[in-house]
Amino acid sequence: MFETIRSIMSPEEIRKIEPFSDSLKAKKAEAERNISDILTGKDKRKLFIVGPCSADNEDAVCDYACRLSRVAEKIKDKAYVLVRVYTNKPRTRGEGYKGMFHSPDPHVEATDIQGGILSLRKMHIRVVKESGLLTADEMLYPDNSDYIDDVLGYIAVGARSSENQMHRLVASGIDVPVGIKNPMNGSIPVLLNSIYAAQISNEFKYNDKQVKTPGNPLAHAVLRGAVDVYGNNISNYHFEDVIRLHEMYIEQGLKNPAVIIDTNHSNSGKHPFEQPRIVREVLNNARESEIINEFVKGFLIESYIEDGNQKPTDGVYGKSITDACLGWEKTEELLLSAADRIRL
């Protein structure tokens, strides 16, 4: 039984309240060309999608994004940077903070989805306006993507969602790159099937309409590690993992072979301070292998102003209230050193 709490405004109504200006649309269009060129191999730079595990505080996220923008300018010849602004959080057991989408204020337990939608859209737009960098978010709920997809430069499909039919179908109609993570068990065939479904045209019911999509040629793989049947983490960013994924990509005949390496989650065993080492290893492998250098398009990094994580009630500015993150000083060092290792 479902109890109706309240009606939610439509995407059109939300967009009128929090509009994305023409000047920001022009900035987005330029950024989209850069991202597309990197994913298709026209631009040899690497893509870095960097930011907190969950974007819980607008001021701290914008502060972080402006710091990131200054580093992005320094490394722009080797790397292109997006801000990870994740506002929907999947919860393995269904409990805990579910992101700004559910709770615009993490200190208030009551769910306020309409307030959350307005808050997250405002935050994404403010990040773009103040930092000049485009944002990335996770498509946890496909039927809600219309509230924010006109603002985003990159959309992720998480490990728990990559096998879901609706995520695959909606991804096929999205106008920006969609990174699809391998499922929790690490299955590469499932990952490639998801990418294939997102790259082809589909016809299906979306909200209250029958729709047809053109397919998204920029749908691509994200390796995030896996979890075995006993809950042990298994990494999949090593030389052999990337080479085998590339072979299977080619065998499947998928468009624009591309993979992003998620340096946290099961690849790091959720130890965020391992992320710089993982980036170094992958970039060193890229220096040894032309296939890896061309196939690996970039990295997904969990980072915030302060190291580690905290309870929402602790109130430390710029510190994650979900998974632990790499702090700002270590992140800046990671990006600068990574740029030195990138082989164009």
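A short reminder: the numbers here are calculations on the coordinates, not readings from a lab. As the structure is a prediction and not an experimental result, all values here were calculated from the model. Reconstructed Cβ throughout: ideal geometry from the backbone, glycine too, with neighbour counts over all protein chains shown.
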Exercise. With a cut-off of 16 Å, note down the residues of the range 58-75 whose backbone N falls inside the zone around a label point 7 Å from the Cα of residue 30 toward its beta carbon.
Key: 69-70, 72-74
Quiz prompt | Helix-only mean residue ellipticity at 222 nm for the chain, each DSSP H run of n ≥ 4 adding -39500 (n - 2.57), per residue, nearest 500 | solution = -12000 deg cm²/dmol
Quiz item: Length gain on complete extension for the stretch residue 239 to residue 341, per 0.36 nm per residue less the alpha carbon to alpha carbon distance?
Solution: 35.1 nm
Practice problem: Grab the Cα-Cα distance for residue 252 and residue 288, subtract it from 0.36 nm times how many residues apart they are, and report the gain in nm with one decimal. | Solution: 10.4 nm
Quiz prompt | Positive-pole candidate from 100, 147, 131, dipole of the chain, charges at beta carbon | solution = 131
Quiz item: Given 98/122; 28/209; 46/255; 270/330; 98/129; 46/212, which pairs have Cα atoms separated by over 21 Å?
Solution: 28/209; 98/129; 46/212
Quiz item: Which length gain, in nm to one decimal place, applies between residue 228 and residue 164 when the Cα-Cα distance is subtracted from 0.36 nm times their residue separation?
Solution: 21.1 nm
Exercise. Please find the FRET efficiency linking residue 311 to residue 73, where r is the Cβ-Cβ separation and R0 is fixed at 51 Å, and quote it to the nearest 0.05.
Key: 0.90
Quiz prompt | Estimated distance in nm for a label pair at residue 201 and residue 271, the labels positioned 7 Å out from Cα along Cα-to-Cβ | solution = 5.0
Quiz prompt | Longest DSSP-loop-exposure-free segment, chymotrypsin sites (Phe, Trp or Tyr not before Pro), the chain, at most 13 other Cβ within 10 Å | solution = 3-229
Self-check item: Student exercise, the range 267-344 dipole from Lys, Arg, Asp, Glu Cβ charges, in Debye to nearest 20
Solution: 100
Self-check item: Cleavage-rule hits, trypsin sites (Lys or Arg not before Pro), the range 84-141, DSSP coil, Cβ neighbours within 10 Å at most 10
Solution: 93
Quiz prompt | Candidate values (i) -0.44, -1.26; (ii) -0.44, -1.59; (iii) -0.49, -1.59, label of the one derived for log10 I(q)/I(0) by the Debye sum over Cα atoms at q = 0.09, 0.16 Å⁻¹ | solution = (ii)
Exercise. Calculate the dipole size of the chain relative to its Cα centre from +1 charges on Lys and Arg beta carbons and -1 charges on Asp and Glu beta carbons; express the result in debye to the nearest 20.
Key: 540
Exercise. Exposed loop GluC sites (Glu not before Pro) only (DSSP loop, at most 11 other Cβ atoms within 10 Å): please give the longest stretch of the chain free of them, not including the sites.
Key: 110-344
Self-check item: Nitroxide proxy distance, nm - points 7 Å out along Cα→Cβ at residue 114 and residue 59
Solution: 2.7
Exercise. Work from the charge dipole of the range 11-325 (Cβ charges, +1 for Lys and Arg, -1 for Asp and Glu, about the Cα centre) and give the residue of 283, 65, 157 farthest towards its positive end.
Key: 283
Quiz item: Can you put 87, 92, 213 in order, fewest other beta carbons within 10 Å first?
Solution: 92, 213, 87
